[in-house]
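Novice: Just dropping this structure here.
The values are calculated or read from the model by the stated rules, or taken from the named source; none is laboratory data. Keep in mind that this is a model prediction, so the values were computed, not measured. All Cβ positions, even for glycine, are placed from backbone atoms using ideal geometry, and neighbour counts span all protein chains on display. The area values use the complete protein model at the heavy-atom level, side chains included, leaving out ligands, DNA and RNA. Shrake-Rupley method; radii C 1.70, N 1.55, O 1.52, S 1.80 Å.
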Amino acid sequence: MDTIVERIKKLKREKNAVILAHCYQPVEIDLVADYVGDSLYLSQVAAKTDAEIIVFAGVFFMAQTAKILSPNKKVLLPQIHAGCRMADMIDYKQLLEFKSKHAGIPVVCYVNSTAEVKSECDMCCTSSNAVKIVKSLNAPKILFLPDTYLGKWVEKQLGNVEVITYPGFCPTHLHIRPEDITNARKQHPEALVLAHPECHNSVSQMADYVGSTTGIMKFAKESSNKSFIIATEQGVVDRLKRDYPEKEFIPVKDNIICPNMKMTSLEDVLQVLENENNEINVDAEIAKKAVKCIDRMLEASK
Ligand code: 13P
Ligand code: SF4
């Protein structure tokens, strides 16, 4: 009898499907994934794949972004209820209110947002290119949503742009407190602290490196240091331990887990490939507007 991994691989070949997995997914998803990485990398892959079916092992906004970029492909989300608590913090109406309070200022949305929200923003960004994107707009003031901490971190990096942020946040990253960094450093004084910019700014400013999930993995790979305290979701720690067993990776604290990212199982991936259900579709008018802000980001990230 074929194993579940073999069955998924066979179906992928038969159906010309590709599997994209975010670094926060359960680590066993990598056994069947064709591409594993951060939000920017996966959206770049989704935009240019030749596959007929994209299975997005991630959360709703990621599959929605893939569908907007590849409207003629079938995009499947293994767990249809895997949302993003940060993306849910701003809807279309709240966006319009936020914009009307600050009329005339360019709007940058984090990719962790709905298609409707993206359709009314000037430019999209991810955690790996947020500084570059805000800078590219060449404006003295920017509206940034929904992640207030990423927005304020960008403001600090640039120094000459006022970033007006919407009060959204990632509940998973907000579990990390400055005292967790202090305690971890006390126990592991030789370790470097690597943090995701979704962390509270008081945490990011204590880190030796701040970057996206892929950025953190790349830094750990290339650094001559042997020990690292990881201030982001557990999936990154699991992959680092697997890929670099000669180095030491310490989670900043236990249970830094995104419940939505951890919903996906290999059984779910098999199930959507077999049945082609959980298809993600985006209203054509919304997609037509939303694609502009995503395309501008991809263009500026080349
Ligand atoms: P990146 O993929 O840009 O590192 O962002 C992390 C995240 O929270 C995705 O939801
Ligand atoms: Fe959303 Fe935070 Fe989960 Fe990322 S880690 S998907 S931002 S809730």
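Novice: Using Cα-only point scatterers and the Debye equation, what is log10 of I(q)/I(0) for region 86-141 at each q in 0.14, 0.18, 0.25 Å⁻¹, rounded to two decimals?
Specialist: Debye intensities relative to I(0), on a log10 scale: -0.36, -0.60, -1.08.
Novice: Looking at region 186-236, which trypsin sites (Lys or Arg not before Pro) are DSSP coil and have at most 15 other C-beta atoms within 10 Å of their C-beta? Mind showing how you got there, number by number?
Specialist: Numbers: sites: LYS186, LYS218, LYS221, LYS226; in loops: LYS226.
Qualifying residues, ordered by number: LYS226.
Novice: Leaving ligands, DNA and RNA out of it, report the carbon-plus-sulfur percent of the accessible area of region 128-261 at a 1.4 Å probe.
Specialist: Details: 2950 of 5820 Å².
Of the solvent-accessible surface of region 128-261, carbon and sulfur hold 51 percent.
Novice: Taking K and R as +1 and D and E as -1, what net charge do the other residues with C-beta under 12 Å from the C-beta of ALA66 add up to?
Specialist: My count for the surroundings of ALA66 gives +3.
Novice: By DSSP, what percent of the beta bridges with both residues in the chain are antiparallel, rounded to the nearest 5?
Specialist: 5 percent
Novice: Find the accessible area per residue for region 200-302; the probe is 1.4 Å, ligands and nucleic acids are left out, and the unit is Å².
Specialist: Normalised by residue count, the accessible surface of region 200-302 is 47 Å².
Novice: I've got another one for you. What's the center-to-center distance, using Cα atoms, between region 228-293 and region 82-161 in Å?
Specialist: Cα centroid of region 228-293 versus Cα centroid of region 82-161: 22 Å apart.
Novice: Using the heavy atoms of the protein chains alone and a 1.4 angstrom probe, what is the accessible area of region 15-128 per residue in square angstrom?
Specialist: Numbers: 4020 Å² over 114 residues.
Result: 35 Å² per residue.
Novice: So what is the 222 nm mean residue ellipticity for the chain from helices alone, if each DSSP H run of at least 4 adds -39500 (n - 2.57) and you divide by all residues, rounding to the nearest 500 deg cm²/dmol?
Specialist: Here the helix-only value at 222 nm equals -12500 deg cm²/dmol.
Novice: Pick out which of LYS67, LYS289, LYS48 has the largest mean-square fluctuation in a Gaussian network model of the chain, springs linking Cα atoms closer than 10 Å.
Specialist: With Cα springs under 10 Å in the chain, the top fluctuation among LYS67, LYS289, LYS48 is at LYS48.
Novice: Let me ask another. Pick from ARG185, ARG85, ARG242 the residue whose mean-square fluctuation is largest in a GNM of the chain, springs joining Cα atoms under 10 Å.
Specialist: Looking only at ARG185, ARG85, ARG242, the largest GNM fluctuation is found for ARG242.
Novice: How far, in nm, would the chain grow between ASN138 and ASP283 when pulled straight, counting 0.36 nm per residue and subtracting the alpha carbon separation?
Specialist: 49.0 nm
Novice: I'd like the carbon and sulfur percentage of the solvent accessible area for region 67-109, probe radius 1.4 Å, heavy atoms only, ligands and nucleic acids excluded.
Specialist: Ligands and nucleic acids excluded, carbon and sulfur reach 53 percent.
Novice: Greater than 24 Å separation of Cα atoms is the criterion. Which listed pairs, LYS74/LYS302; LYS118/LYS302; LYS186/LYS241; LYS226/LYS262; LYS73/LYS93; LYS9/LYS74, meet it? Mind showing how you got there, number by number?
Specialist: Numbers: LYS74/LYS302 26 Å; LYS118/LYS302 20 Å; LYS186/LYS241 21 Å; LYS226/LYS262 28 Å; LYS73/LYS93 30 Å; LYS9/LYS74 18 Å.
From the list (LYS74/LYS302; LYS118/LYS302; LYS186/LYS241; LYS226/LYS262; LYS73/LYS93; LYS9/LYS74), the Cα-Cα distance tops 24 Å for LYS74/LYS302; LYS226/LYS262; LYS73/LYS93.
Novice: Could you tally the net charge around CYS170, taking each other residue with its Cβ under 12 Å from the Cβ of CYS170, Lys/Arg +1 and Asp/Glu -1?
Specialist: Net local charge, CYS170 excluded: -3.
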